[in-house]
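What follows is a short report on a single structure.
The values are calculated or read from the model by the stated rules, or taken from the named source; none is laboratory data. Since the model is a prediction, treat every value here as computed from it, not as a measurement. So basically every Cβ, Gly included, is an ideal-geometry build from the backbone, and we count neighbours across all protein chains shown. Ligands, DNA and RNA are stripped out before the accessible areas are found, and what is left, the full protein with its side chains, is counted by its heavy atoms. Shrake-Rupley method; radii C 1.70, N 1.55, O 1.52, S 1.80 Å.
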Amino acid sequence: MPRSVVGTACMYFKRFYLNNSVMEYHPRIIMLTCAFLACKVDEFNVSSPQFVGNLRESPLGQEKALEQILEYELLLIQQLNFHLVIHNPYRPLEGFLIDLKTRYPLLENPEVLRKTADDFLNRVALTDAYLLFTPSQIALAAILSSCSRAGINMESYLSESLMLKEDRTSLAKLLDGMKCMKNLIKKYELPRPEEVAALKQKLEKCHSLELSLNANPKKRKGYEDDEYVTKKSKMDEEEWTDDDLVDSV
């Protein structure tokens, strides 16, 4: 699966849980739905049987997973407010590498920065940086972080090639944003296996109780019960007669 599809799915996942709770919608189902929708939006052609065929499940489990994905797909789109186009930092990263090759001769081989820059993007994707900064800012932060690791000074590239020499305010804001991204990466710690197991157990208990109380998942937030809306409109509708019209006048 292309990393652009993975990045799009991660953004869907983060945006969905900005307004929803894991106690109401199971993260595994939403994760699979996000990945399936991202394949469609980014035009990565994969059929639904092929998609669930990659899951480590029995044929019955794969069929159930497909039913859940198709059930939650519309809900996910609604919760994203139908804003499905995601701009990932991967294309800006390629643009900066091309720019370094063509307009910055002081750096002989910009390709040496690619590996550590990709590593930076992978680590920053685990944080909230994608929700706080633009893709070009994240890509430039990856380039500068890679240069810092390699001991390469990029001050002249920022001031001359990017024409930020005269605009000190924009340069200061840009550097502050990059420092913030680095701090987000430093503060983020992967959860320990025992913590994941404990949280998973609590989550399963929560959803097993919810399923026993709510037999129809389509009545959760994000869906409209057409039958209820129809009945409500009929109950609220008042029949006007000629006498009522005369009284109102």
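Using 25 Å as the Cα-Cα cut-off, could you pick out the over-long pairs in 40/115; 115/182; 14/101; 14/187; 101/187?
Going by Cα-Cα distance, 40/115; 14/101; 101/187 fall outside the 25 Å limit.
Add +1 for every Lys or Arg and -1 for every Asp or Glu among the other residues with Cβ under 10 Å from the Cβ of residue 188, and state the total.
+1
Report, in whole Å, the centroid distance computed from the Cα atoms of region 61-101 and region 17-39.
12
With the full set of protein chains in place, find how many percent of the accessible area of region 1-48 is carbon and sulfur; take the probe as 1.4 Å.
The C+S portion of the solvent-accessible surface of region 1-48 is 62 percent.
Suppose all protein chains stay in the model; what accessible area per residue would a 1.4 Å probe give for region 1-140, in Å²?
That works out to 55 Å² per residue.
In what sequence, highest mean first, do 181-193, 127-139, 72-84 appear when ranked by Cβ atoms within 10 angstrom?
127-139, 72-84, 181-193
Would you list the P(r) distribution for region 79-139, with all Cα-Cα distances sorted into 5 Å bins from 0 and each bin expressed as a whole %?
P(r) for region 79-139, in whole percents per bin: 4, 16, 23, 22, 16, 10, 6, 2, 2, 0.
Please arrange 87, 207 by accessible surface area, largest first, computed with a 1.4 Å probe and ligands excluded.
Ranking 87, 207 by accessible area, largest first, yields 87, 207.
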